[in-house]
Amino acid sequence: MSRKASDNVEYTLRSLSNLMGEKKRRKHDEGAGERSLIAADSYTSINSQAGATAAPSSGEELERAARRQFQQDVTPAFVYVVSVFSALGGFLFGYDTGVVSGAMLLLKKDLNLSALWQELLVSSTVGAAALSALAGGVLNGVLGRRPCILLASLFFTAGAVVLAAARDKETLLGGRVVVGLGIGIASMTVPVYIAEAAPPHLRGRLVTINTLFITGGQFFAAVVDGAFSYLSRDGWRYMFGLSAIPAILQFLGFLFLPESPRWLIQKGQTQKARRVLSQIRGVQTIDEEYDSIKNSIDEEEKDAGAGGPVIYRMLIYPPTRRALIVGCGLQMFQQLAGINTVMYYSATILQMSGVDDDRLAIWLSAITAFTNFSFTLVGVWLVEKVGRRKLTLGSLTGTTLALIVLALGFLLSAQVSPPVTFTPTDPTSQNSTCLKYSFCNGCMLDPSCGFCYKINGSNIVDSSCIPVDPKTTAQSAWGRCTNETKSKSGSYWAYNYCPTSYSWTALIGLILYLIFFAPGMGPMPWTVNSEIYPLWARSTGNACSSGVNWIFNVVISLTFLHTAEYLTYYGAFFLYAGFASVGLLFVYGCLPETKGKKLEEIESLFENRLCTCGASESDEGRYIEYIRVKGSNYHLSDNDASDVE
Ligand SMILES: O[C@H]1[C@H](O)[C@@H](O)[C@H](O)[C@@H](O)[C@H]1O
């Protein structure tokens with residue numbers, strides 16, 4: 001036997017003996033051991049059908065060839081089609097939450113909207129999404145995943161039509177609520193549907209593609225906002241109306257796409273489930289998978305024992321209670337880390353570093369959205385390589401540091417805040433409070449004021465605090481900083497920020513934030529939630545955690561301005577950094593690795609205790625992976641296993 005081969009045997013035996021040790025400790029291990037041996041067998045048969053040689057010269061070659069063969073055989077293109085059509089739900093989630101900021105700039109002029117109405121039009125969607133995500137749990141359980149996705153695309157289409165045709169603000173509000181209902185259902189159903197359709201080795205990647213589509217939707221919305229901002233009237237109708245196209249496409253696609261096989265098995269629709277499984281897997285492997293799903297459903301039903309509503313059963317059964325805490329915690333910390341504030345505030349942060357043009361600011365927001373999108377792509381690439389746990393830990397560590405850099409940027413800017421050196425006479429005689437501030441910092445924190453200044457060499461001169469135009473924050477209400485007078489008088493207008501030589505620190509913070517957040521903390525809460533609950537609790541678990549995501553989304557976005565007023569901007573970002581570090585401890589202590597495991601095996605990760613740190617790559621998991629890739633060389637039985645022990 002060659003050295004490599006004997007190493008392989010040794011590794012297998014070692015893994016096996018570890019596995020047997022695990023077996024003693026863990027309730028479900030007998031089943032898991034059997035499943036891994038079945039996996040080895042089925043791999044062997046695939047390999048021999050494909051005519052692969054039994055002992056390739058190098059272990060690496062074998063591994064590569066085996067992996068290629070395995071993936072080709074068990075991953076027909078259909079599973080990608082299913083995932084992409086579902087992820088259109090993610091695209092619409094991103095588009096509809098993103099498009100409103102640009103649309104609002106035009107809407108408030110066209111319909112003369114008050115600040116309260118602007119606030120209502122933004123938060124009604126997020127509020128409706130929270131409610132419908134929670135209700136989506138029941139709908140998913142009763143109707144199935146496919147009808148829920150169809151329903152969401154109907155909501156998206158109806159909302160887009162109502163918004164595009166709206167003649168008054170009340171109709172707009174109705175349209176935004178309808179769109180929110182679609183977003184909530186899609187946000188909880190799509191990851192579950194994809195996870196249930198995907199093979200284990202691709203599940204993380206395919207579910208993460210849904211978040212890629214969310215951030216893609218946000219980026220596309222920013223580009224559409226930029227493009228239609230050149231239309232003086234009715235630009236917002238196109239911005240809202242365009243989302244009907246992907247929504248209709250998704251609806252039509254789902255008329256032909258199948259229900260989740262796991263849901264069908266749970267509902268006893270055996271024949272249909274088998275048909276769908278062979279459609280999305282290819283024929284060889286469905287018996288094993290079918291049996292494994294069926295067995296785990298039977299086991300789950302025994303384990304879950306008591307009757308009553310699913311959420312009650314989840315809470316009294318320790319493994320699902322622990323999974324729920326992990327899932328909801330991840331979603332809560334995703335929002336508490338301030339992603340939506342950072343995105344919303346990005347244009348201002350970019351302006352701080354010297355961009356003085358409104359339209360440019362809109363396009364710069366598109367760059368921010370693009371950064372979020374492109375680094376989510378890095379997450380899609382990394383998720384099956386480094387696993388969910390390491391990716392989330394790395395991402396959250398970087399996010400925390402970036403938030404500290406952002407906060408320091410604001411702190412330094414506040415400390416060297418330029419003084420007010422010139423107080424003009426108020427032509428409206430309204431005795432504005434703006435004229436009472438003596439430093440830019442106070443002026444910036446007052447939403448009704450902005451800072452108007454000139455530059456002489458590298459010095460700020462002739463600086464004043466002046467009321468902002470109530471219709472647009474891009475100019476002052478009167479004086480040297482209105483749009484007509486700005487360039488003639490050589491003045492600059494800063495709203496929401498102070499021009500200082502430290503502004504670039506915030507810019508660096510913003511870029512670092514997106515680079516670290518997007519690959520991990522953006523997608524992983526959705527991905528992990530789609531896999532950690534057993535089938536009977538999956539819809540409810542995802543409904544609760546998505547609801548938590550939306551609730552904290554509303555809380556953070558609605559409180560940001562007040563938080564900044566009380567704690568200043570740097571205080572707000574230090575607060576988010578604090579939340580993110582608590583989140584880091586939480587993830588470190590509580591998030592197990594789910595990479596490569598079958599959905600049916602994941603429940604056992606939550607069996608013993610809440611904190612599963614160190615269980616990132618359990619011996620059992622490594623063993624299953626090892627056997628899957630290299631198993632063709634060795635035929636192991638349970639007897640061999642006990643011999644080894
Ligand atoms: O995962 C997504 C993504 O990170 C988005 O950029 C963000 O706006 C959402 O709130 C979040 O749930």
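Results for (1) at pLDDT 90 or above; (2) buried (at least 17 other Cβ atoms within 10 Å of the Cβ), shown as yes or no for each residue.
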position	(1), (2)
Cys590	yes, yes
Lys597	no, yes
Glu601	no, yes
Ser604	no, yes
Gly614	no, no
Ile627	no, yes
Asp638	no, no
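Residue check: is Phe219 more than 13 Å from the chain's Cα centre (by Cα) and not aliphatic (A, V, I, L, M)?
Criteria met by Phe219.
Every residue in segment 102-146 that is closer than 13 Å to Lys169 by Cβ and not in a helix (DSSP H, G or I), please.
Hits for segment 102-146 are Leu111, Asn112, Leu113, Ser114.
Tell me yes or no: at least one residue of segment 223-230 is at negative phi, polar (S, T, N, Q) and under 15 Å from the mean Cα position of the chain (by Cα).
No - not one qualifying residue is present in segment 223-230.
Conditions (1) under 16 Å from Cys465 (Cα atoms); (2) more than 16 Å from the ligand (Cβ to nearest atom), marked per residue:
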{"position": "Cys481", "(1), (2)": "yes, yes"}
{"position": "Glu484", "(1), (2)": "no, yes"}
{"position": "Ser491", "(1), (2)": "yes, yes"}
{"position": "Asn496", "(1), (2)": "yes, yes"}
{"position": "Pro499", "(1), (2)": "yes, yes"}
{"position": "Ile508", "(1), (2)": "no, yes"}
{"position": "Ile511", "(1), (2)": "no, no"}
{"position": "Leu514", "(1), (2)": "no, no"}
{"position": "Pro519", "(1), (2)": "no, no"}
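Hey, can you tell me all the residues within segment 371-394 that are crowded, with 18+ Cβ neighbours inside 10 Å and of a type in the set (Ser, Thr, Tyr)?
Thr371, Thr376, Thr392
With a cut-off of at least 3 residues that are within 16 Å of the ligand (Cβ to nearest atom), name the helices (runs of 4 or more DSSP H) lying wholly within segment 156-241.
169-197, 200-228
Take segment 521-578 and flag every residue that is modelled with pLDDT of 95 or more, among the small types (Gly, Ala, Ser) and surrounded by fewer than 24 Cβ atoms within 10 Å (Cβ to Cβ).
Passing the criteria: Ala577, Gly578.
From the residues in segment 358-370 that are at pLDDT 85 or above and surrounded by 21 or more Cβ atoms within 10 Å (Cβ to Cβ), which one is nearest to Ile209 (Cα to Cα)?
Ala369
Table: residues versus (1) surrounded by fewer than 23 Cβ atoms within 10 Å (Cβ to Cβ); (2) under 30 Å from Ala103 (Cα atoms); (3) modelled with pLDDT of 95 or more; (4) not aliphatic (A, V, I, L, M).
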{"position": "Ile325", "(1), (2), (3), (4)": "yes, no, yes, no"}
{"position": "Gln331", "(1), (2), (3), (4)": "no, yes, yes, yes"}
{"position": "Thr341", "(1), (2), (3), (4)": "yes, yes, no, yes"}
{"position": "Tyr344", "(1), (2), (3), (4)": "yes, yes, no, yes"}
{"position": "Leu411", "(1), (2), (3), (4)": "yes, no, no, no"}
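Taking helices (runs of 4 or more DSSP H) that fall entirely within segment 488-598, which contain at least 1 residues that are over 20 Å from the mean Cα position of the chain (by Cα)?
In segment 488-598, the matching helices (runs of 4 or more DSSP H) lie at 503-517, 535-590.
Can you confirm whether Ser417 is part of a loop (DSSP other than H, G, I, E, B), among the polar types (S, T, N, Q) and surrounded by fewer than 21 Cβ atoms within 10 Å (Cβ to Cβ)?
When the stated conditions are applied, Ser417 passes them.
For segment 408-458, which positions are touching a Pro at 6+ places or on another chain (Cβ under 9 Å) and of a type in the set (Asp, Glu)?
Hit for segment 408-458 is Asp426, nothing else.
Of (1) without any contact (Cβ under 8 Å) to a residue 24 or more places away in the chain; (2) of a type outside the set (Val, Ile, Thr); (3) surrounded by 24 or more Cβ atoms within 10 Å (Cβ to Cβ), Gly174 satisfies all except one. Which?
With (1) without any contact (Cβ under 8 Å) to a residue 24 or more places away in the chain; (2) of a type outside the set (Val, Ile, Thr); (3) surrounded by 24 or more Cβ atoms within 10 Å (Cβ to Cβ) applied to Gly174, the lone miss is (3).
With the condition kept exactly as written, say whether any residue in segment 591-608 is more than 13 Å from the ligand (Cβ to nearest atom), farther than 22 Å from Val386 by Cβ and touching a Pro at 6+ places or on another chain (Cβ under 7 Å).
Yes; the residues of segment 591-608 include at least one that is more than 13 Å from the ligand (Cβ to nearest atom), farther than 22 Å from Val386 by Cβ and touching a Pro at 6+ places or on another chain (Cβ under 7 Å).
Conditions first: (1) buried (at least 23 other Cβ atoms within 10 Å of the Cβ); (2) farther than 24 Å from Ile511 by Cβ; (3) at pLDDT below 90. Gly442 passes all but one, so which condition is the exception?
(1)
The values are calculated or read from the model by the stated rules, or taken from the named source; none is laboratory data. Computed from a predicted structure; not experimentally measured. Here the Cβ is made from the backbone with ideal geometry for all residues, glycine too, and neighbour counts use every protein chain on show.
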